[in-house]
Structure formats: structure tokens, C-alpha cells
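The values are calculated or read from the model by the stated rules, or taken from the named source; none is laboratory data. Remember, predicted model here, so these are calculated numbers, not experimental data. Cβ placement follows ideal geometry from the backbone for every residue including glycine, while neighbour counts extend to all protein chains displayed.
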Amino acid sequence: MTPIIQPNAIQPSIGASALTYVEAKSILTKPAGYADFFDYSLNPYSGCTFGCSYCYAAYFARSDDLKQTWGQWVHVKENALDLLKRRRKKPLTGKTIYMSTVTDPYQPVEKDLELTRALLEELYTHHQPRLVVQTRSPLVTRDIDLFQQFDHIQVNMTVTTDDDSIRKQFEPRCSSIDQRLDAITRVHEAGIPTAITMTPLLPVRDPRRFAGRLLETGVPHFAIQPFHPANMRFMSSTPQHVQTLTKKMGWNFARYDEVYQILRDALPSMIEGKQGFIPKWKS
């Protein structure tokens, strides 16, 4: 199969050497964990060059080498669109789909490949499922025109802290907080149901100011989950260097609870835990 775009066309920031095209056996899978109430998860890619230090998805990599080099590689499911097209005889109308559980559909490579966009076009044209799109990338605004074609959709933006100096220590290759909040504001203002997911919540400098900034977006729904900093299981586990960093910052369950109480008072619609990922479908 001809790749969607040849590796030598990838921007240097992505790195062609880290990019591999693979034939996927399936594109729709039954999710587990926090997304287990969805019928399917849809992951256009394996791997993610955002490479967040705490990301649970690293533990689902198929080899120890891939786990150790998480954030440095992407596997492009080059037959993803073909697999989805095969479902036309059995449309996904009314089915709930979460995109994505173990990758970010708008990670940097998507700007060039437009694989996520192609899948969205197939979904709204031939299926019309109930769709939730999860990202931490401002690139999501590119597809506002497609989101508007869905009868039932929600776009979630992950924002984990209020301070970019903290963000850079955990998510150095991700967009800034303001860029993400500005992006989800644009999606919301386009009339698309939205939510902000603070999952996991990293150290927060000024929770009251943070809450005010979140409210300024106009986004009506918020989800929150604790970051497990020490001797706990965050999905598979929390890397030791991340535990050390959170301990150094004084970020523990007691401090999380303090911040949580302030955010809860300011954001009445905020839901803690997996229930916060249940979408509020457009009527």
C-alpha cells in the first residue's frame, strides 16, 4: 500500500527515521480502563512524539525497546482508512467511539499526514457515530469544519497545569497552556461541544487564577484526575524519575486535594475520575 505521505516529506521536527508505516489488523478496538464505556477506541497511530513523561500509553508498547524510547517513534497505520471503509456495510451509526486512547490523533506528524482528518471524513460521511476526540494539540482547530458535520461529538482538550515552567518539565514537547486554551476556545465558539480534561492534574501554582482562565474559554465541562506521585499505580505504573520530580515539587495527594477543592468550587460541572470522560452529547 502506498503511504499517505512519503517519509522524506516529513518535517525535520518529526524525524523521518522515527516514522514507520505499518499494516494494522484492525482500527477499532474495545477500550478498557477510563474509556471502557465506549463501544470502540480508534487510534490512527501507535506511539506519540509528544512523549509526556508520565504517559501510561508507553506501557502498551509491544517491546521493551519501544517502551524505553517512548516519544521518539510513531507507527502510522497506513491501512487505517481502508479498514474503516470496510465497515460501510455495517455502519457505526450510533456507536460510541473514543479517539484516541493510546496516542494523540493531533500529534505533530498529523499536520503532514492528515490521517486523522481522512478518518473523520469517512466517519461523518458514511457512519455518523457518537464521537469523542481527545487531544492536547492546537492542531485540532484545523478540523473544526469536519466536527461541525457530526450530529454527536465532543472535543476534549487536555490541560494539566497552570504553569508552563511546570508543563515543560513533564511535557516539554507539547504546546503551551495558552495555546491549548485558545484552541479549545475556538472549537467551543464554533458551536462544538467541548470539555477540558485535567488528567492527570500536575502541580498547580495558583488554582484560583487557573480556574478563572479555564472559565474564560467558555467550555462548559471539566474532568479531573489525580497524578499518582509515589508508590501507586497510574494505569501501569509511574516512572521513578516522575515520582522523584513530583516529590521535589511537593505535589502529593494532600496538595492535590487542596487544589481540587478550589477548582471544584469554581467549576461546578467538574467531575473527578473516569465519569468525567462521559460525553455530554449535543441534543
Requiring at least 1 residues that are outside the structural domain of residue 18 (by TED's automatic domain parsing), the helices (runs of 4 or more DSSP H) wholly within the range 93-182 are 164-170
Cβ pairs under 8 Å, 6+ apart or interchain, first in the range 249-275 and part of a loop (DSSP other than H, G, I, E, B), second exposed (fewer than 15 other Cβ atoms within 10 Å of the Cβ) and among the hydrophobic types (A, V, I, L, M, F, W, C), ordered by first then second residue, are 252/230; 267/215
Against the definition (surrounded by 22 or more Cβ atoms within 10 Å (Cβ to Cβ) and either free of Cβ contacts under 8 Å to residues at least 60 places away in the same chain or touching a Gly at 6+ places or on another chain (Cβ under 7 Å) (or both)), how does residue 184 come out, yes or no?
yes
Listed by first then second residue, the pairs whose first member lies in the range 125-142 and is more than 28 Å from residue 90 (Cβ to Cβ), whose partner is outside any helix (DSSP H, G or I) and of a type in the set (D, E, K, R), with beta carbons under 7 Å and at least 6 positions apart or on separate chains, are 136/104; 137/104
When every residue in the range 92-151 that is small (Gly, Ala, Ser) and surrounded by fewer than 22 Cβ atoms within 10 Å (Cβ to Cβ) is compared, the one farthest from residue 222 (Cα to Cα) is 118
